[in-house]
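The values are calculated or read from the model by the stated rules, or taken from the named source; none is laboratory data. Just so you know, these numbers come straight off a predicted model, no measurement behind them. No Cβ is skipped: glycine too gets one built from the backbone with ideal geometry, and neighbour counts run over all protein chains shown.
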There are 2 protein chains.
Amino acid sequence: MKKEQRFKYLSYPQAVFVVGTYDGERKPNVMTVALGGMCSHNPPYFAISVRSATYSHQNIVARQAFTVNIPSKKYLKHVDYVGLVSGRNTDKFAVCGLTAVAGELVDAPYIDEFPTVAECRLHHTIDLGSHTMFIGEIVSIKGEEPVLADLSHLMPNLTDIPDMVKAEGIVYAFAGDGRYYCGLGEPLERAYSVGRQLIE
Amino acid sequence: MKKEQRFKYLSYPQAVFVVGTYDGERKPNVMTVALGGMCSHNPPYFAISVRSATYSHQNIVARQAFTVNIPSKKYLKHVDYVGLVSGRNTDKFAVCGLTAVAGELVDAPYIDEFPTVAECRLHHTIDLGSHTMFIGEIVSIKGEEPVLADLSHLMPNLTDIPDMVKAEGIVYAFAGDGRYYCGLGEPLERAYSVGRQLIE
């Protein structure tokens, strides 16, 4: 039996991203973003939605760039912290003891310690009410060597892809009595494969 | 040591959605969507990116509506299947033995068996190259009673929210030698809380 939910927030396992930007003085900032993800393959676009009052919003508009940093389990405390305070009056990199590295191709810093980072050049800005959606073209993705997989048996270019089980990827989900970061469970079934049982 | 990835696809634990639409004859169709998620809170908007060649693309343009259906672990085979074949020449609901229920507020069907479903009214259409992004306003969310949680201690309206551990939510991730559906691991830390240790 289905029941209507009053608060219109869809509950599903959400990805967790930390977005890196520079401010006017080139001070690096980072912020946790709950709303975002890949939104096109060719060109490779990544979308993030950010409230207009945030320091990161102002930085992205000024620098026309941002990075997307994928955390692993060991940085949970930092991921949560950078979503709770503003970079306007805090040096979040310093508090967390994380290292800001200047992007090679865009005017934004990435987090050296995180296992996967992407540099994005701003392409589209869409006002959606409480949030602004920034769509950036992914111009570089870097992964930490110990967790990289070679999947060229699936597609010729699919090398050096971070393995999310090895990288200890995390998701955000409503669970139990609140909102939690959860780890990944074991791989259950192979995608683009298990469904073939239903094809005659 | 970080290494550049050749194929510009960012690897992270991705949410898995099945999108429901009606065609011109009101035949219900469903399709797995890898790219999408909530993109604003107020109004509550949900974005999905779909290739223009798909039957679902044509249906969304015609009906100006779609549903988002969140699967649980037991429907993995169906989730994978509806991403592999086209609704142009297949009745995917029939093959899967799933039940299409007409949306109450929009011209699109949802999957009765899935624990969480949302009805979306199309608001923005953005051409992004290989994919078209459709942004819909969520006008209804329904959850299956056995998995609903009352989180009104966090926010007054936060009742009847599906618990993703109980609902056995799944994610898509690059892992091991390929692409897998993974279950959720145990909740690790409480969000909006664990990071407070770093606030003086």
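For region B:1-24, filtered to residues that are in contact with a helix residue (DSSP H, G or I) (Cβ under 9 Å, 6 or more places away or on another chain) and assigned to a loop (DSSP other than H, G, I, E, B), the residue that is surrounded by the most Cβ atoms within 10 Å (Cβ to Cβ) is B:V16. The set of residues in region A:160-194 being within 26 Å of B:I161 (Cα to Cα) and in contact (Cβ under 8 Å) with a residue 40 or more places away in the chain consists of A:G169, A:I170, A:V171, A:Y172, A:A173, A:F174, A:Y181, A:C182, A:G183. Checking region B:163-178 against the condition returns no match, with no residue being touching a strand residue (DSSP E or B) at 6+ places or on another chain (Cβ under 9 Å), under 23 Å from B:L105 (Cβ atoms), at the interface with chain A (Cβ under 7 Å from one of its Cβ atoms) and not β-branched (V, I, T). When the residues of region B:96-118 are filtered to those that are crowded, with 16+ Cβ neighbours inside 10 Å and facing chain A (nearest Cβ under 10 Å), the one that is nearest to A:K8 (Cα to Cα) is B:A118. Determine which member of the set A:T125, A:T132, A:T99, A:T67 is modelled with pLDDT of 95 or more and either on the phi > 0 side of the Ramachandran plot or touching a Pro at 6+ places or on another chain (Cβ under 8 Å) (or both). Going through A:T125, A:T132, A:T99, A:T67 in turn, just one is modelled with pLDDT of 95 or more and either on the phi > 0 side of the Ramachandran plot or touching a Pro at 6+ places or on another chain (Cβ under 8 Å) (or both): A:T67.
When A:S140 is tested against (1) more than 15 Å from A:N69 (Cβ to Cβ); (2) facing another protein chain (nearest Cβ under 7 Å); (3) touching a residue at least 24 places away in the same chain (Cβ under 8 Å); (4) not hydrophobic (A, V, I, L, M, F, W, C), just one condition goes unmet, and that condition is (1). Residues in region B:48-98 that are assigned to a helix (DSSP H, G or I) and hydrophobic (A, V, I, L, M, F, W, C): B:I60, B:V61, B:A62, B:L76, B:V79, B:V82, B:F93, B:A94, B:V95, B:C96.
Within region B:143-154, the set of residues being farther than 18 Å from B:T67 by Cβ and at the interface with chain A (Cβ under 7 Å from one of its Cβ atoms) comprises B:E145, B:L148, B:A149, B:L151, B:L154. Scanning region A:25-34 for residues that are crowded, with 24+ Cβ neighbours inside 10 Å and either under 26 Å from B:K142 (Cβ atoms) or not aliphatic (A, V, I, L, M) (or both) turns up A:P28, A:N29. Contact annotation: residue pairs with Cβ atoms under 7 Å, 6 or more positions apart or on different chains, pairing a residue in region B:1-24 that is within 7 Å of chain A (Cβ to nearest Cβ) and under 30 Å from B:D112 (Cβ atoms) with a partner that is part of a loop (DSSP other than H, G, I, E, B) and modelled with pLDDT under 95, are B:Q14/B:A34. Residues that are outside any strand (DSSP E or B) and either under 10 Å from the mean Cα position of the chain (by Cα) or at the interface with chain B (Cβ under 7 Å from one of its Cβ atoms) (or both) within region A:25-40 comprise A:A34, A:L35, listed in sequence order.
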